Structures are given as structure tokens and as C-alpha cells.
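**Student:** Handing you a structure now.
Computed from the coordinates by the stated procedures, all read-outs in this text should not be read as laboratory data. Remember, predicted model here, so these are calculated numbers, not experimental data. With ideal geometry, Cβ positions are generated from the backbone for all residues, glycine too; neighbour counts draw on all protein chains shown.
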Amino acid sequence: MEPSMNPGERGRLSGADAARVLALGAVLALLAALFHFQGNAVNVPLFGRSVFRWMIARWHDPSGAFMHGWLVPPVSAWLLWRRRRELAACPKRVSLAGLAAVVCFLALHALGVRAMLPRLSLVAFAGLLWAMPFYLMGPCTAGLLFFPCVYLLFCVPLSFLNSFTFPLRLFASAASVSILNGLGIPCARTGTVMTLGGGAPLSLDVADACSGLRYVLAITALGALYAYLSQTRAWKRWTLFLASVPFAVAGNVVRVLVVGIAARLLGREVAAGLYHDVSGYIVFAVVVALMIGAGAALNAGIRRGEKP
């Protein structure tokens, strides 16, 4: 019979495991130094060699599309903290598969520096934060670290997504015009310009800031987190995560629609104030409601007796 373990002893590290953790911390610190001092080759006079400085500068993009990047590392750290007892209880062993992953991500970083693609280096850094514990601690630890490390990819500023700005503007304006006409408010569209009829015609342009791109990026990060925390099956998590994209687009359409109605009923000045002050809250209120509803629908099977 195995000796019983006190609740306070569960999750405690042995001396050997504590030494592994210290060694892992030292290695990760060296990796962070590597990416800080030799992580970037783009516009070195402005950003230096640090890929982190390059990333943070992109978070300050005037469009505001990447401002959510500041929240991602604390969320990832919290996800690790909530699994700390499970991480401590994992059996620790060296994994050659983890070593192979370390080599692959180091090669990806070298390619990123060589090709002046700092986004590849950022992906490599997130990958190494997972692969190095995989190598030193084994697959159990790697499994628990997988999502928190993958979640760090939401830090990476994907500037190429700006090419979707104009299509999103067209969709938001077209959908809003259709709904306004359906509500009995005469409205016409020329490109991204909405013209509301009536006694005094009023024109509203769905500008780049109204495209919804910044909401799409932030809401997909929120959707990934909510799906991970609220669902137990992989297909349900993926369903809820992928649904966050149309949810974000729908929220932005509601935002443009509300601003258009306010402009028609209350005037341009009130609508402008609504846009600048509270329209962003409209998007997130709509999206959160849709996510909660979708999550409840996906969990309905568990309440009916489905085994998690």
C-alpha cells in the first residue's frame, strides 16, 4: 500500500524537481536575453536589437488594432498560476522530443533574424517557452503549458491584416444600410459613405477606425480565452473560438447601426459623441452576449448528461 499524502504536500516539488525548475528558469532568462540583444534586424537604429522593443512599438500603432497585446502576457501568466499544483505534480523527465522542438524553434528564430522578419522570432520565442520545459520537464508539463504559451501569439502584431480594413468597412456600411432601410429609415450607400435621407440628408463615412479590425483582433483573443475556460472538448473550444470572428464583425455592424440611428434621430453632434465615448462598449456588449449564449448552447450537452 502506498503511503497517503497530506493535502499540503500535494503539488510540492522534490529537491531534484526544484533543481530542474531553477535550471529551467535560468535557461529561460538566457533565452529572453538572447531575444532582447539579438532578436531584431529591422530598423536597428530605431528599435535596437530587441524584438520586444519592436513588438511594443507595434502595440502603439495609431489604429489601436494591437493595444490588446499589453493584456496577453498577464493573462498567460494567470493561466499558468491556476494550474500550478498540476504542474508541480507532473512527473519530471527529460524528453528528446522536447529537445527536437527546441532546435526547431531556435532555427526559426535564426531564420527570422536572417530574413528580417521579427514576427517569426516572436513565434519562436513563444515556442521556446513551451519547448524548453518540454525538454527538461517532460510531456506532462508540456501539455499543461501548451495553451498559455500558444496564447502569447496574440501578442504578435499582424500588420498584414490591415489589408482587410477596406472589405470590413464595405461590409459594415452595406449591412447597416440594409438594416436601416428595413427599419424604415431611408438610407443609401456610396462605397463606405452612408447617406441618411429625410428632411435634412446626413452623410456618415465608415472610416478605417470603424472597420472593426481592432475589435476582431482583441475579440479573437477574448474568444480563445473564454473557449479554453468554458469548454472541455477540443471541437467545442475550436467552434467557440472561430465563432468569435463573426461575433466581432456583428458587434461592429451593431455599433455602426446605433451611430447611424443616433445621427438620424439626435443629430450629427450627438452621434459623434456616441462614437467617441461609448460605441466601443456596444461592440463588446454584443460580443460578450453572443459568446455567453454560444458557450451555454455548447454546454447544453453536458447538462443533459454528456460525459465531459
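**Student:** Within 10 Å, count the other beta carbons around each residue, average over each peptide in 47-59, 76-88, and list them highest first.
**Tutor:** 47-59, 76-88
**Student:** Let me check the size of the range 39-131 from its C-alpha atoms; what are the radius of gyration and Dmax in Å?
**Tutor:** When restricted to the Cα atoms of the range 39-131, Rg and Dmax are 16.1, 47 Å.
**Student:** Continuing with the same structure: Can you give the charge dipole size of the range 15-157 about its Cα centre, rounded to the nearest 20 debye, using +1 on the beta carbon of Lys and Arg and -1 on the beta carbon of Asp and Glu?
**Tutor:** Rounded to the nearest 20 debye, it is 140 debye.
**Student:** PHE37 to VAL278: extension gain in nm, 0.36 nm per residue of separation minus the Cα-Cα distance?
**Tutor:** 82.6 nm
**Student:** Label VAL94 and LEU265 with points 7 Å out from Cα along Cα→Cβ: what is the distance between them in nm?
**Tutor:** Spacing of the two 7 Å Cα→Cβ label points: 7.0 nm.
**Student:** Here is a follow-up. Using +1 at the C-beta of Lys and Arg and -1 at the C-beta of Asp and Glu, which of ALA124, VAL103, TRP54 has the Cα lying farthest in the positive direction of the dipole of the range 15-157?
**Tutor:** VAL103
**Student:** Contour minus end-to-end for ARG233 and THR190, with contour as 0.36 nm per residue of separation and end-to-end as the Cα-Cα distance?
**Tutor:** Once the chain is fully extended between ARG233 and THR190, it gains 11.0 nm.
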